[in-house]
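The block underneath contains the structure these notes are about, expressed in structure tokens.
The values are calculated or read from the model by the stated rules, or taken from the named source; none is laboratory data. Because the structure is a prediction, the values reported are computed rather than measured. Here the Cβ positions follow ideal geometry from the backbone for every residue, glycine too, while neighbour counts run over all protein chains shown. The accessibility values were calculated without ligands, DNA or RNA, using every heavy atom of the protein model including side chains. Shrake-Rupley method; radii C 1.70, N 1.55, O 1.52, S 1.80 Å.
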Amino acid sequence: MILLLVGPPGAGKGTQAKLLCERYGIPQISTGDMLRAAKRAGTLEKRYLDIMDSGGLLPDEAVIGLIARRTVEPDCGRGFLLDGFPRTVPQAEALDQLLASQGGRRIDAVIQLDVPRSLLEERLIHRRTDKGSGQIYHLVYNPPPPGAELEHRADDRPEAVGMRLDAYEAMTAALLPFYEEKKLLHRVDGVGKPEEVTQRVLSVLGRPSSGGE
Ligand code: AMP
């Protein structure tokens with residue numbers, strides 16, 4: 001099972017990815033998580049660090065290399081879920097080539113989580129992550145326990161959020177038609193409780209791909 005999860009920042013991609021990966025027994029591959037891990041380890045180049053912190057996109061070749069190395073690891077044998085990659089048409093084309101070179105593997109479905117922009121801004125600005133467990137909280141609707149050591153992502157600050165949402169809108173203008181043409185794209189309403197959204201995704205995956213939903 002090779003799944004792609006597409007959605008603006010704050011749409012719940014990370015949450016849905018975890019639930020879907022448990023369900024299908026496949027690993028979640030998030031370029032954002034990999035880059036943040038490199039940042040913490042001090043191995044991310046300074047020019048990439050600056051781009052990330054301002055909410056911009058890294059050059060295609062930087063993220064394609066990460067995915068090429070990660071998808072040949074043994075735990076990807078049964079498939080994987082990509083979260084946050086591809087974000088551009090050149091990345092999508094590189095992914096097709098990469099999968100073809102791995103014995104003719106193919107994408108099963110591309111799930112797009114739809115959430116209105118006003119709700120995304122509200123979610124991102126209040127989002128905090130527990131430094132130890134990675135658990136995500138919303139300061140108002142899902143507050144962290146007292147004493148939790150929280151991280152406020154630099155790119156979740158109000159000045160970067162607008163730029164990331166604009167970048168997403170520009171990106172999808174080209175990327176979604178790419179997958180629509182291939183009849184792989186399924187649009188899912190991302191508003192609601194995480195389990196409700198997962199049920200919508202599962203019902204889409206349970207049906208033969210008819211595209212453009
Ligand atoms: P995310 O957690 O997916 O929002 O990613 C955080 C940041 O990492 C993004 O704002 C970009 O700076 C960078 N990034 C992650 N994935 C990609 C990608 N596929 N292409 C370019 N930049 C990326």
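Data table
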{"quantity": "Evaluated at q = 0.11, 0.16, 0.17 Å⁻¹: base-10 log I(q)/I(0), Debye formula over Cα of the chain", "calculated": "-0.52, -1.19, -1.36"}
{"quantity": "Per residue value of the accessible surface for the chain (all protein chains in place, 1.4 Å probe), Å²", "calculated": "50"}
{"quantity": "At 0.692 mPa s and 37 °C, Stokes diffusion of segment 1-117 via Kirkwood alpha-carbon radius, µm² per second", "calculated": "222"}
{"quantity": "Q102 versus D75: modelled label distance in nm, points set 7 Å from Cα along the beta carbon direction", "calculated": "1.4"}
{"quantity": "Dipole axis of segment 2-205 (+1 Lys, Arg; -1 Asp, Glu on Cβ), positive-most option in I51, Y179, C21", "calculated": "C21"}
{"quantity": "M52 accessible area, assembled protein chains, probe 1.4 Å, Å²", "calculated": "20"}
{"quantity": "Protein accessible area in segment 2-205, 1.4 Å probe - carbon and sulfur %", "calculated": "53"}
{"quantity": "Gaussian network model of the chain, springs between alpha carbon atoms under 10 Å - residue of L35, L176, L202 with greatest fluctuation", "calculated": "L202"}
{"quantity": "Per-residue [θ]222 nm for the chain (sum of -39500 (n - 2.57) over DSSP H runs n ≥ 4, rounded to 500)", "calculated": "-15000 deg cm²/dmol"}
{"quantity": "Accessible area of D33 in the full protein assembly, 1.4 Å probe (Å², nearest 10)", "calculated": "70"}
{"quantity": "Listed residue pairs exceeding 31 Å between alpha carbons, taken from K18/K182; K46/K193; K46/K183; K131/K183; K13/K182; K18/K39", "calculated": "K46/K193; K46/K183; K131/K183"}
{"quantity": "Kyte-Doolittle mean at least 0.0 and Cα axial length at least 24 Å: DSSP H helices in the chain", "calculated": "158-181"}
